[in-house]
Amino acid sequence: MNARKRRRIAFVASLLLGGAAAAVLVISALQDNVLYFYSPSDVYTKKVSAGTAFRIGGLVQKHSVKHDSGMKMQFVVTDGARTVPVEYSGDVPSLFREGQGVVAIGRLNEGGLFQADQVLAKHDEKYMPPEVVDALKRSGEWQKGQ
């Protein structure tokens, strides 16, 4: 093999190595910013660990909304098969109510309580986040027009 071929092979190898290193850096940086979506059933089946930030979505269980003193409130998110209690302190969207679709962003604590940093509600009578629809369909609770 002559010197020219060795230089080409070294150049291609360094390009591949550099590309792989760049891909690893990008993937590791993105993992810190990705918030996974889970239904209440997914929280139990995938054994989400306490302290991990994620989004939970489903329906606000009927008769589960309780307001504490101040702006603190508790409610239960369900997909029909499982439930997850949620605690939130702050203003909820005006469309937030029992029986409606909701997505909350936060973390589970050691006791299994989801401590939400943000609560999002659907914005009209026909819209529901696609992740919530998929979770409800998997649990058998989805009805068209809901």
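The values are calculated or read from the model by the stated rules, or taken from the named source; none is laboratory data. All values reported here derive from a predicted model rather than from experimental measurement. Methodologically, a virtual Cβ is constructed for each residue, glycine included, from the backbone with ideal geometry; neighbour enumeration extends over all protein chains shown.
A few comments on the model shown:
- Residue, surrounded by the most Cβ atoms within 10 Å (Cβ to Cβ), within segment 83-126, restricted to residues that are assigned to a strand (DSSP E or B) and among the aromatic types (Phe, Trp, Tyr): Phe114
- Selected residue (only one of Gly58, Gly80, Gly18 is more than 14 Å from the chain's Cα centre (by Cα) and either assigned to a loop (DSSP other than H, G, I, E, B) or assigned by TED's automatic domain parsing to the domain that holds Val132 (or both)): Gly80
- Number of positions in segment 28-45 that are surrounded by 10 or more Cβ atoms within 10 Å (Cβ to Cβ) and either modelled with pLDDT under 85 or in contact with a His (Cβ under 7 Å, 6 or more places away or on another chain) (or both): 3
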